[in-house]
Amino acid sequence: MQGIPLSFRRRTVLAIAAAGALAVTGTVFLPGSASAATTLGASAAERGGRYFGTAVAAYKLSDSVYTTILNREFNSVTPENEMKWDATEPSQNSFNYSSSDQIVNQARSRGAKVRGHALAWHSQQPGWAAGMEGTALRNAMINHVTQVATHFRGQIDSWDVVNEAFADGSGGGRRDSNLQRTGNDWIEVAFRTARAADPGAKLCYNDYNTDDWTHAKTKAVYRMVQDFKQRGVPIDCVGFQSHMNQQSPYPSNYRTTLSSFAALGVDVQITELDIQNATPAWYSGVVTDCLAVARCNGITVWGIRDSDSWRASQTPLLFDGSGNKKAAYNSVLTALNNGQPQNPSSSTPGNPGPSSSSPSNPGTPGGCSASISLNQWNGGYVATVTVTAGSSTINGWTVSIPSAANVTNAWSTTRNGTSFSNVSYNGRVNAGQSTQFGFQGTGTGPSSASGCSAT
């Protein structure tokens, strides 16, 4: 499949502007009937807490038409350029978050999620990094990921940790880049660094031209994710950009692609959706396929109006240049509202691969069980713990792991010595369902939990 030229795919960083209006509700209540969502974000939220988001440019937040649509329709945002390496670290170890903070603050003020985009990418590097190679570049990347993820710690729902690391074409190999030439483990290093810096965020790999399940690039990314899950490398989600046009059309096996990745134990997210001529059938097909996969937990379109698009001449978005809803908008909202409300088995950061231990206290009514997946290396480890509810819903849990020694950091849990309890967002677990937490330490990690108690 022919890829989209990189030079065409660049989005230019522009100036800062002021934030816009507050959000409005998107559900209408009819007497004697169920609620009918009238906006994209509200409808997506009814489909098991999913999001429907858009890419946002800081300098456009002074445009009242732009912000009215943004606040009304979308419950997630992705900074278009403002979090990329050249924007956040224009000079080495000198960081600038003014534009990215503006977008994050505007989103969080109205309760929207934020997708961080992107920590490590071969493109849009500042000049000082683009000229680096080897160990110096590897250390600069680690520092950049650490500093940026730490700055936004606790504010980001999902990070695009690594962006577009695989080449187009039939080979299915890694893209040649200065980052790739630092060593084939650079992607793994970026993910481990991001987990340490922002342990509460989901960590995603993001790429384009991976929509068709038969393509070599898609299979290559799949094999990487499969390997990461088997070895305990912290990856929680995979982003499919889904820039569709006549050369890269909506594939009939799109749902197979999403479900195949989800079966590896990761969330799948449609991260940069735009479709040449905004074909309504293609848009509704993408939405329907996402709703059919429980772990497809969100869709982001790459811009609001056609005039905001990096491919504006192809009129690929849901609103025209004047901010009017297009036929594609109606097809998307209809597809969302036709989907059945559900509770997708969404991952939490550190979602494990195959468990290396047996559950404790399995299947007790009202109780819970715990199992550990351990990734051990010389001198350290990462342990990922799966907590599974018994035959009834639980509203809190505590796992005892007596051999959890020398713990250096933990995520998605409250730790008290060797006792680990839920945090606010993962205490309630439906009967037979699971949630995860994790921790990292030095020395030898634990291989089993001694008990799980539930409330």
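Assorted remarks:
- Just one residue in the set ASN209, ASN178, ASN143 is assigned to a helix (DSSP H, G or I) and at pLDDT 95 or above; that residue is ASN143.
- Of all residues in the stretch 417-431, those that are closer than 19 Å to GLY154 by Cβ and touching a residue at least 60 places away in the same chain (Cβ under 8 Å) have Cβ atoms under 6 Å from Cβ atoms of residues that are open to solvent by less than 40 Å² (accessible area, probe 1.4 Å) and assigned to a strand (DSSP E or B), 6 or more apart or on another chain, in ASN426/THR435.
- Being open to solvent by less than 40 Å² (accessible area, probe 1.4 Å), among the basic types (Lys, Arg) and modelled with pLDDT of 95 or more holds for only one residue in ARG72, ARG50, and it is ARG50.
- Looking across the stretch 241-260, just one residue is within 23 Å of GLN436 (Cβ to Cβ) and buried (at least 24 other Cβ atoms within 10 Å of the Cβ), and that is LEU258.
- Consider the stretch 71-94 and keep the residues that are part of a loop (DSSP other than H, G, I, E, B) and among the polar types (S, T, N, Q). The one that is nearest to LEU318 (Cα to Cα) is ASN75.
- For first residues located in the stretch 295-316 and without any contact (Cβ under 8 Å) to a residue 40 or more places away in the chain, partners that are open to solvent by 20 Å² or more (accessible area, probe 1.4 Å) and not in a helix (DSSP H, G or I) and lie 6+ apart or on another chain with Cβ distances below 6 Å form the pairs ASP306/THR315; ASP306/ASP320; ASP306/GLY321; SER307/GLY321.
- Residues satisfying the stated conditions in the stretch 146-175, i.e. in a loop (DSSP other than H, G, I, E, B) and of a type in the set (Ser, Thr, Tyr): SER170
- Within the stretch 163-206, tally of residues that are at positive phi and buried (at least 22 other Cβ atoms within 10 Å of the Cβ): 1
- Search result, residues across the stretch 293-331 that are among the β-branched types (Val, Ile, Thr) and crowded, with 20+ Cβ neighbours inside 10 Å: VAL293, ILE299, THR300, VAL301, ILE304
- The residue of the stretch 127-162 that is surrounded by the fewest Cβ atoms within 10 Å (Cβ to Cβ), among those that are within 30 Å of GLN102 (Cβ to Cβ) and of a type in the set (Asp, Glu), is ASP157.
- Those residues of the stretch 212-240 which are part of a helix (DSSP H, G or I), of a type in the set (A, V, I, L, M, F, W, C) and open to solvent by 20 Å² or more (accessible area, probe 1.4 Å), in sequence order: ALA216
- Listed by position, the strands (runs of 3 or more DSSP E) inside the stretch 405-455 whose residues that are hydrophobic (A, V, I, L, M, F, W, C) number at least 1 are 407-411, 419-421, 434-442, 451-454.
- Of all the residues in the stretch 75-91, those that are without any contact (Cβ under 8 Å) to a residue 60 or more places away in the chain and over 13 Å from VAL114 (Cα atoms) number 4.
- Beta carbons closer than 7 Å, at least 6 apart along the sequence or on distinct chains, pair a first residue in the stretch 274-292 that is within 22 Å of ASP308 (Cα to Cα) and open to solvent by less than 10 Å² (accessible area, probe 1.4 Å) with a second that is of a type in the set (A, V, I, L, M) and assigned to a helix (DSSP H, G or I) for ALA278/ALA328; TYR283/ALA328; TYR283/VAL332; VAL287/VAL332; VAL287/ALA335; VAL287/LEU336.
The values are calculated or read from the model by the stated rules, or taken from the named source; none is laboratory data. Note that the structure is predicted; figures quoted are calculated from it, not measured. Because the Cβ atoms are built from the backbone with ideal geometry, glycine has one as well, and the counts that use them run over all protein chains shown. Just the protein is used for accessible areas: all its heavy atoms, side chains included, with ligands, DNA and RNA removed. Shrake-Rupley method; radii C 1.70, N 1.55, O 1.52, S 1.80 Å.
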